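Below: one structure, written as structure tokens.
The values are calculated or read from the model by the stated rules, or taken from the named source; none is laboratory data. None of the values given here were measured: they were computed from a predicted structure. Don't worry about glycine lacking a Cβ; one is built from the backbone with ideal geometry, like all the others, and counts go over all protein chains shown. Heads up: the accessible areas ignore ligands, DNA and RNA and are worked out on the full protein's heavy atoms, side chains in. Shrake-Rupley method; radii C 1.70, N 1.55, O 1.52, S 1.80 Å.
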Amino acid sequence: MERPCDPGLVDAEVVIVGGGFAGLYAAKALGKAPVHVTVIDKRNFHLFQPLLYQVATAGLTAPAISGPIRHILRREMRSGRLTILQAAVTDIDAAARLVRRDDGSTLGYDHLIVAAGATHSYFGHDDWAAHAHGLKTLADA
């Protein structure tokens, strides 16, 4: 089990799954707390999804609505109590307080924030997915 920070330096280990708005705001809010925070996201950038339609219609470029997570949280990283990992979380063992990543490694936590985002909703009609293309990623745009 991996613990990225010396337990003597902080009161708790907080793992945040997701680098979207909720995950970033949680990391910023914990920036001055005596905790070590690890943000895990499968992408290394934050995406402002409300403007994806602008990218899809060539009104904006992709870099205009996305930014590196490390840059957004650079002030919090300077404290030495924030780690950012690019990985997908494949399992959460709440009883053991472990998060398993796609490479098979585990990360222990005292507190867990799951802010992994959302997916498309077809209102109970999953067969619509083949005909209703989503707009949730840069690749979609």
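What accessible area per residue, rounded to a whole number of Å², is obtained for the stretch 19-78 using a probe radius of 1.4 Å?
Values: 3370 Å² over 60 residues.
Counting only protein heavy atoms, the per-residue value for the stretch 19-78 is 56 Å².
For the stretch 73-126 and the stretch 23-59, compute the distance between their C-alpha centroids and round to whole Å. So the two Cα centres are separated by 12 Å. Our coupling estimate for the stretch 59-65, obtained by passing each phi through the Karplus curve with A = 6.51, B = -1.76, C = 1.60 and θ = phi - 60°, is x, 9, 8, 4, x, 6, 10 Hz, Gly and Pro reported as x.
Residue-wise HN-Hα couplings along the stretch 45-57, as the Karplus relation 6.51 cos²θ - 1.76 cosθ + 1.60 with θ = phi - 60° gives them from phi, are 9, 9, 10, 8, 4, x, 9, 4, 4, 5, 5, 4, 9 Hz; Gly and Pro carry x. Within the set (1) 18.4, 57; (2) 17.0, 54; (3) 14.3, 45, the number that Rg and Dmax of the Cα atoms in Å takes when calculated for this structure is listed as (2).
Annotation for A129 and A64: the two label points, set 7 Å from Cα along the Cα-Cβ direction, are 3.2 nm apart. DSSP beta bridges confined to the stretch 16-88 are antiparallel in about 30 percent of cases. Residues in the stretch 99-112 carry Karplus couplings, in order, of 10, 9, 9, 5, 8, x, 6, 10, 9, x, 8, 9, 9, 10 Hz; the curve used is 6.51 cos²θ - 1.76 cosθ + 1.60 with θ = phi - 60°, and Gly or Pro positions show x.
Each label was represented as a point 7 Å from its Cα along the Cα-to-Cβ direction; for T57 and H71 these points are 2.6 nm apart. Share of carbon and sulfur in the accessible area of the chain stands at 55%, probe radius 1.4 Å. Looking at the stretch 9-141 alone, DSSP beta bridges between its own residues are antiparallel in about 40 percent of cases.
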